[in-house]
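Engineer: Let me begin by handing over the structure; questions about it come next.
The values are calculated or read from the model by the stated rules, or taken from the named source; none is laboratory data. Quick caveat, the model's predicted, so the values are computed rather than measured. So basically every Cβ, Gly included, is an ideal-geometry build from the backbone, and we count neighbours across all protein chains shown. Each accessible area value is taken on the protein alone, full model and side chains, heavy atoms only, with ligands, DNA and RNA left out. Shrake-Rupley method; radii C 1.70, N 1.55, O 1.52, S 1.80 Å.
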Amino acid sequence: MTDRAPDAGYEAVIGLEIHVQLRTEEKLFCPDGTGFGEVPNTNVCPVCLGLPGALPVLNREAVELAVRASLAFGCTVHQRSVWARKNYFYPDLPKGYQISQFEEPLATDGVFRVETDDTSDPVGRLAIRIRRIHMEEDAGKSIHDRFEGATAVDLNRTGTPLIEMVTEPDFRSPAQVRAWLTGVKQVLEYLEVSDCNMEEGSLRVDANVSIRPVGSEPLGTKTELKNMNSFSGVERALDVEIARQRDVVAMGGQVAHQTLLWDERRGDVRPMRSKEESHDYRYFPDPDLPPLQVSENLIEAVKAQLPELPAARRTRFREDYGLPAYDAGVLTARRPLADYYEETARTSGAPKEASNWIMGPVLAAMNARDLEADDFPVRPVHLAELIDLVEEGTINRNVAKDVLGRMLESAAGVEVGSAAAKTPAEIVREEGLATVSDTGRLEAWVEDALAAHPEEVARFRDGETRLQGFFMGEVMKRSRGKADPTEVARILTERLEET
Amino acid sequence: MSVSREEVERIAALARLDVFGEDEPAAEGRPSAVRLTEELNRILEHIATLEEADISEIGDPIRLPSDPVPFRDPGLEPDSLAEGAPADRAPRWRDGFFLVPRLPALVDDEEDGS
Amino acid sequence: MAAAVREGSVPADHYLNKALEQARAVDRGHEGLNAFLALAKPGGPAPDAPDSGSGRAGETHPTGDGLLAGVPVAVKDNLCTLDLPTTCASRILEGYRSPYEATAVRRLRVAGARLVGKTNMDEFAMGSSTENSAFGPTRNPRDRDRVPGGSSGGSAAAVAAGVVPCALGSDTGGSVRQPAAFCGVVGVKPTYGRVSRYGLVAFASSLDQVGAFGRSVLDAALLLEAVAGYDPRDPTSVRRPVPDLSGGLDEGIRGRVVGLPREYLPDTLAPEVRARYDEAVERLREAGARIREVSLPHTRFAVSTYYVLAPAEASSNLARYDGVRYGGRASEARSTLELYRASRTRGFGPEVVRRIMLGTFGLSAGYHDQYYDRAQKVRALIARDFERVWADGVDLLFTPTAPGPAFRLGERTADPVAMYLSDVFTVTANLAGIPGVSVPMGEVAGGGGDRPPLGGQFLAPPWHEAPMLQAARALEVSYGITGEDT
Ligand SMILES: [Zn+2]
């Protein structure tokens, strides 16, 4: 986090508008699918093409996901909300209006807190109020760089369900924004409400920002920032814009109300061309859609299905599994990983070991392969088996790491969770990797190692006892790692102390 | 209540309609701002009777029908499009896309944005 | 007709071909009616086989019973059809072929009806005379110097000229009932939500409803019955069973309480219209109706309310005609803004431009409260007037359909407000969402020696189309209209 120290005397005031694409099978007002990457303008029907005479029909699943998100962010979900038309002309908006909600949104008055390492905050929690969450349909895609002198319009995305979350201007620094957004994204992923992919546009963040003298109540003139496509982009854009506003004020000027586009490559903001009338959206209740009624039953049903949210899970991991805060944070960062950990911990009965394994080699392997935990070929049941093999002494830790590698190899090209992938026990058996504790074989390896290094034996006997580790390594080499280290240590001590 | 010609021109711009002003030549199909202003004012004069209605007791306006919005029947398929649509209805179409003159996004770009 | 075709005593194409012949005879040339914008080919596309599964899941509608087997039907040009263009009588949709079909049209096919053609109308249904068609006005078959009314003037004229026994129209402020009155036929607007609007090109969504014309009440009732019912593709269509509208038509009006709203009988009403109306009331009394005077005090705000709300919705509904995905485009435009402005200005006629302007104005910042919001509340007052009357035990209301007979072509085109006021008795039903029907109510002296017809209007509580049509039937019988077999 890059927290730019506020120039003396001025503080930034930031609010966010977040558009989240809901992960539904079908579009909001027509039964077309919501998938990406299809041939342009094929995922369309009379409704989303805005053909004369077509009418919108509401998708229940979208309403349920929107209610789920609203509840998770602590909002009051209203029994009655009203669909409104937002009128403006744009080639990727087929009807000339967007069906949204305006005066009576789905949900209002939420608060969402994230834990921060911000020391200035005594509770270590950043609480941001959410003014409203409403539902709306997405527009299509305008592609400006495909054809010379023309904009190409693809309506496949038109009608995809969105929620728009509007926060109160509660942020005081770009770093806070980034930390809070990270928490929001985590929750949305946990809820399986959205893919939250900023590059694909399933999560879009706009910010409005103003500055004011510290201690002053009234807000300064704000500017709106758009076109950021990562959280770090949001943070950098805000840094740049706040600095710009400070410069304007320092030069005795006034900040103008305008919409600015973040230019990632140039690292600056540029005003978007706007016309006076472009903000007169002429909202009115959509006469094609009676008001949305969200019954008490529906709210209860959604509540009953709410998964445990990341903050609660972090606390529980610390309490139930005795994990340190850092481990709990890493393991709950994403819901599939948390599920993976929890299953491994429960199956193996060794939560701390499970954490070590996952935070170490397993996460490294996932990252190397760019896989989510639910797509990782080594399933929790097998990882737990591996941990058991170590715990009961069948193999030692180093061998176990190799076994994990073999498991990944054997699972390559095989469907995740398939029986064709080898279990750790199979690999240990087939490759004879079990720890050797047989005294006869161990003594033979020890003898061999000592015989090969008479000079070192002499030095050891002269008091250079740290050579114990060297001999241990030599024995392990001879056993290809399978020798039981405790036994080897005992035999080594015995033999070296003989004279 | 009456509207000025400037107001009529603003409304026309908002509705993406072209009107011609006093100082411009009349073109075929382009309505005159002056004439539209007169007509709208005549209509608004009539509509002004609404101000006499006592709406103090009306809370929410009526919505027809009074039932809440129904959810989509599960299994409802997208209505099929006749063969060739939407490509063959499009005034300009290329490689699967609808085409319009290039839209600018930034103030440095030329032309209008939205 | 339908019975003969069902039994097989008449070939399935017989009536269609006769209708097409008749249409060609009366529609074209100097003084032709110009009721049709497109005609089907002789023989036409075959109707759906009743068992082809065209009925869709979830619809409360008896499909495929051959209710209209072989019956030729004309359809207003704002209902989407697959085989013929759908232009809404607008340049901006000239030649446009809908790639999907309106539910009402599909149901017609499923009931065995044969589509004769698409009928002329005021552009996007905005008008009361069918003079606002981009493709020339329709003439009134009763007197070719007069307008047929509007906006469904082509459908009314097609029925009045005997081309078809029944036709579909749409009624947003009286666009079925007023032309029915002007042409001397029956026109019914059902309760809002009774017929699917899916595929009806929207003018004012909260007011639009598909309606039916017939030579007689029976014809109109049969047609309405065929197209009515819940449609999962229209969220404003209502899940209610469709009553047997044609079956009990002759039950009469005995014992029914018929209210005469005094606001519909102003002193300014032409004496001859008042005289015909009073005679009709006498006929109802003789048929056993109990007549009562009632008051709907907010009626005087109805036209103003309508001319705020309908244009507001229209300004939004017509935003999709932008020259991007279908329809006319100003191809020389160098920017998208220019493309929009030129395509729309060239594509829309003067009345449509006027209403888009009016509607945009009423919704725009600074005027929204005073116009749109206020009109929404007055609408509630108007609806409440009706609810009070029904609660007082009134079964039906009876009024003149329009303040006078069909006016002459060109008589009101220069004065939009005068034109708007021809809707004064019909807009209330759309604002309140209730059903209404216009039936012939005698004639008046036309000045030129002709006898233009008048219409009387019955209004009923929501979903009470059946008793409303029975009353209409009782009145028509008193004038000697028997209702031929459809
Ligand atoms: Zn669609």
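Engineer: Residues in the range C:401-415 near a label at B:R42, defined as backbone nitrogen under 12 Å from the 7 Å Cα→Cβ point?
Structural biologist: Within reach of a label on B:R42: C:412-415.
Engineer: Could you compute the FRET efficiency for A:E199 and A:E391, with r as their C-beta to C-beta distance and R0 at 30 Å, rounded to 0.05?
Structural biologist: Values: r = 42 Å, r/R0 = 1.41.
Here the calculated transfer efficiency is 0.10.
Engineer: Follow-up question, since we're still on this one. Report the label-to-label distance for A:Y326 and B:S80 in nanometres (one decimal), using points 7 Å from each Cα along the Cα→Cβ vector.
Structural biologist: 6.2 nm
Engineer: Would you please calculate the Kirkwood hydrodynamic radius of the range C:340-479 over all C-alpha pairs and express it in Å, rounded to one decimal? Walk me through the intermediate numbers first.
Structural biologist: Numbers: mean 1/r = 0.0555 Å⁻¹.
Hydrodynamic radius (Kirkwood, Cα only) of the range C:340-479 equals 18.0 Å.
Engineer: Largest first, how would C:Y340, C:Y479 line up by accessible area (1.4 Å probe)? Write out the running numbers ahead of the final one.
Structural biologist: On the way: C:Y340 5, C:Y479 65 Å².
These residues rank, largest area first, as C:Y479, C:Y340.
Engineer: Partner chain Cβ atoms within 10 Å, averaged over the residues of C:374-387 - can you pull that number for me?
Structural biologist: Working: counts 7, 5, 8, 11, 8, 5, 8, 7, 2, 3, 3, 0, 0, 0.
If you average over the peptide's residues, the count of other-chain Cβ atoms is 5.
Engineer: Given a Förster distance of 22 Å, report the FRET efficiency between B:D73 and A:D339 from their Cβ-Cβ distance, rounded to the nearest 0.05.
Structural biologist: Numbers: r = 34 Å, r/R0 = 1.54.
The formula returns an efficiency of 0.05 here.
Engineer: Summing -39500 (n - 2.57) over the DSSP H runs of n ≥ 4 in chain C and dividing by its residue number, what mean residue ellipticity at 222 nm do you reach, to the nearest 500 deg cm²/dmol? Mind showing how you got there, number by number?
Structural biologist: On the way: 14 runs with 155 residues, N = 486.
Taking each H run of at least 4 residues, the total per residue is -9500 deg cm²/dmol.
Engineer: Related question: With every protein chain present, what accessible area does A:Y90 have (1.4 Å probe, heavy atoms only), rounded to the nearest 10 Å²?
Structural biologist: Surface accessible to solvent at A:Y90 totals approximately 40 Å².
Engineer: Quickly work out the C:D267-to-A:K303 label distance, labels modelled 7 Å from Cα along the C-beta direction, and quote it in nm with one decimal.
Structural biologist: In this crude label model, A:K303 to C:D267 measures out at 6.4 nm.
Engineer: Using alpha carbons only, what's the Rg to Rh ratio of the protein assembly as shown with Rh from Kirkwood? Intermediate values should be presented prior to the final figure.
Structural biologist: Values: Rg = 37.5 Å, Rh = 33.5 Å.
A ratio of 1.12.
Engineer: Something else: Calculate, for the range A:157-247, the solvent-accessible area per residue in square angstrom, rolling a 1.4 angstrom probe over the heavy atoms of the protein chains. Don't jump to the answer; show the numbers that get you there.
Structural biologist: Details: 2970 Å² over 91 residues.
Value returned for the range A:157-247: 33 Å² of accessible area per residue.
Engineer: Same structure again: Heavy atoms only, probe 1.4 Å: what % of the accessible area of chain C goes to carbon and sulfur, would you let me know? Don't skip to the end; give the middle numbers.
Structural biologist: On the way: 7000 of 14140 Å².
Carbon and sulfur atoms account for 49 percent of the accessible area of chain C.
Engineer: For the range B:5-52, with all protein chains present and a 1.4 Å probe, just round the carbon and sulfur fraction of the accessible area to a whole percent. Please list the in-between numbers first.
Structural biologist: On the way: 1140 of 2450 Å².
Looking at the range B:5-52 in its full context, I get 47 percent from C and S.
Engineer: While we're looking at this one, here's another question. What translational D, rounded to a whole number of µm²/s, comes out for chain C from Stokes-Einstein when the hydrodynamic radius is the Kirkwood one over Cα pairs, at 37 °C and 0.692 mPa s? Before the final figure, lay out each step's value.
Structural biologist: Numbers: Rh = 22.1 Å.
Roughly 148 µm²/s, to the nearest whole number.
Engineer: Kindly write out, for the range A:285-292 in residue order, the coupling ³J(HN,Hα) from the Karplus curve 6.51 cos²θ - 1.76 cosθ + 1.60 (θ = phi - 60°), rounded to whole Hz, with x marking Gly and Pro.
Structural biologist: Coupling constants for the range A:285-292: x, 5, x, 7, 10, x, x, 7 Hz.
Engineer: Taking beta carbons within 10 Å but only from partner chains, what does the mean come to for residues C:284-292? Spell out each step's value before the answer.
Structural biologist: Values: counts 0, 0, 0, 0, 0, 0, 0, 0, 0.
Across C:284-292, the average partner-chain Cβ count within 10 Å equals 0.
Engineer: Can you list the residues, at least 5 places off or on another chain, whose amide H is less than 5 Å from the amide H of C:G211, using H built in the peptide plane?
Structural biologist: Close amide H contacts, sequence-distant or interchain: C:G169, C:S170, C:D171.
Engineer: Write down the accessible area per residue of the range C:310-384 in Å², having rolled a 1.4 Å probe over the full set of protein chains. Please report the intermediate quantities before stating the final value.
Structural biologist: Details: 1820 Å² over 75 residues.
For the range C:310-384, the solvent-accessible area averages 24 Å² per residue.
Engineer: Would you pull out the residues with amide H under 5 Å of B:S32's amide H, same chain only if 5 or more places away, H placed 1.01 Å from N?
Structural biologist: B:F20
Engineer: Calculated FRET efficiency, C:E286 and C:A365, Cβ-Cβ r, R0 41 Å, to nearest 0.05? Write out the running numbers ahead of the final one.
Structural biologist: Details: r = 57 Å, r/R0 = 1.40.
Once rounded, the FRET efficiency stands at 0.10.
Engineer: Tell me, in nm to one decimal, what length is gained between A:V214 and A:R461 on full extension, where the rule is 0.36 nm per residue of separation less the Cα-Cα distance?
Structural biologist: Working: separation 247, 0.36 × 247 = 88.92 nm, distance 7.37 nm.
Working it through step by step, the gained length comes to 81.6 nm.
Engineer: Compare C:W463, A:W357 by solvent-accessible area with a 1.4 Å probe and give them largest first, with all protein chains kept in place.
Structural biologist: On the way: C:W463 55, A:W357 10 Å².
Correct descending sequence by accessible area is C:W463, A:W357.
Engineer: Where Rh denotes the Kirkwood radius from the mean inverse Cα pair distance, what is Rg over Rh for the range A:105-255?
Structural biologist: Values: Rg = 17.7 Å, Rh = 17.6 Å.
For the range A:105-255, the value is 1.01.
Engineer: With unit charges on the beta carbon (Lys/Arg positive, Asp/Glu negative), name the residue among C:Y198, C:S295, A:V488 whose Cα is farthest towards the positive pole of the charge dipole of the protein assembly as shown.
Structural biologist: C:S295
Engineer: Compute for chains A and C the buried accessible surface, both sides summed, probe 1.4 Å, and express it in Å² to the nearest 100. Don't jump to the answer; show the numbers that get you there.
Structural biologist: Working: alone 25070 and 18180 Å², together 40560 Å².
Interface between A and C: roughly 2700 Å².
Engineer: Now for a different question. Summarise the accessible area of the range A:316-431 (1.4 Å probe, protein heavy atoms) by the percent that is carbon and sulfur. List each step's numbers first, then the result.
Structural biologist: On the way: 2540 of 5510 Å².
Accessible surface attributable to carbon and sulfur in the range A:316-431 totals 46 percent.
Engineer: Dipole size in debye (nearest 20) for the protein assembly as shown around its Cα centre, Lys and Arg Cβ +1, Asp and Glu Cβ -1? Let's see the in-between values first.
Structural biologist: Numbers: 125 positive and 168 negative charges, 542 e Å.
With Lys and Arg at +1 and Asp and Glu at -1, about 2600 debye.
Engineer: Can you give the average number of partner chain beta-carbon atoms within 10 Å of each beta-carbon in peptide A:149-159, as a whole number?
Structural biologist: Details: counts 4, 10, 10, 9, 9, 3, 5, 1, 0, 0, 0.
That average works out to 5.
Engineer: Could you work out [θ]222 nm for chain A from helices alone, using -39500 (n - 2.57) per DSSP H run of at least four and dividing by all its residues? Round to the nearest 500 deg cm²/dmol. Mind dumping the intermediate values first?
Structural biologist: Values: 16 runs with 188 residues, N = 499.
It lands at -11500 deg cm²/dmol.
Engineer: With a 1.4 Å probe on protein heavy atoms only, work out how much accessible surface C and B bury together, total over both chains, in Å² to the nearest 100. Numbers along the way, then the final one.
Structural biologist: Details: alone 18180 and 11130 Å², together 23400 Å².
Summing both sides, the interface buries roughly 5900 Å².
Engineer: How much solvent-accessible surface does B:W93 expose, in Å² to the nearest 10, with a 1.4 Å probe and all protein chains in place?
Structural biologist: 80 Å²
Engineer: Per DSSP H run of n ≥ 4, the term is -39500 (n - 2.57); total these for chain B, divide by its residue number, and report the mean residue ellipticity at 222 nm rounded to 500 deg cm²/dmol.
Structural biologist: Values: 2 runs with 25 residues, N = 114.
That comes out to -7000 deg cm²/dmol.
Engineer: Further question: List the accessible area buried at the contact between A and B, summed over both sides and calculated with a 1.4 Å probe, in Å² to the nearest 100.
Structural biologist: Numbers: alone 25070 and 11130 Å², together 31950 Å².
Its buried surface, counting both partners, is about 4300 Å².
Engineer: Something else: Which of the residues in the range B:65-90 lose at least 50 Å² of accessible area when you go from the chain alone to all protein chains together (probe 1.4 Å)?
Structural biologist: Going by heavy-atom accessible area, the residues of the range B:65-90 that drop by at least 50 Å² are B:P65, B:P68, B:V69, B:P70, B:F71, B:R72, B:D73, B:L76, B:P78, B:D79, B:L81, B:R89.
Engineer: Could I ask something else about it? For A:W83, which sequence-distant residues (separation of 5 or more, or a different chain) have an amide H within less than 5 Å of its own amide H, given hydrogens modelled in the peptide plane?
Structural biologist: Under 5 Å from the amide H of A:W83: A:D286, A:L292.
Engineer: Provide C:E225, C:E286, A:E192, A:E235 ordered by accessible surface of protein heavy atoms (probe 1.4 Å), highest first. Display every interim value, and only then the final one.
Structural biologist: Numbers: C:E225 30, C:E286 140, A:E192 85, A:E235 5 Å².
If we order C:E225, C:E286, A:E192, A:E235 from most to least accessible, we get C:E286, A:E192, C:E225, A:E235.
Engineer: Still on this structure, please answer the following. Could you provide, to the nearest whole Å², the per residue accessible area of the range C:162-202 with probe 1.4 Å? Numbers along the way, then the final one.
Structural biologist: Numbers: 190 Å² over 41 residues.
Heavy-atom accessible area per residue stands at 5 Å².
Engineer: Rolling a 1.4 angstrom probe over the protein chains, ignoring ligands and nucleic acids, what is the accessible area of A:C75 in square angstrom, nearest 10?
Structural biologist: Probe radius 1.4 Å; accessible area of A:C75 about 10 Å².
Engineer: Sort the following peptides by mean Cβ neighbour count (other Cβ atoms within 10 Å, averaged over residues), highest first: A:171-178, C:289-296, C:6-13.
Structural biologist: Working: A:171-178: 22.5, C:289-296: 16.6, C:6-13: 13.4.
Highest mean packing first, the order is A:171-178, C:289-296, C:6-13.
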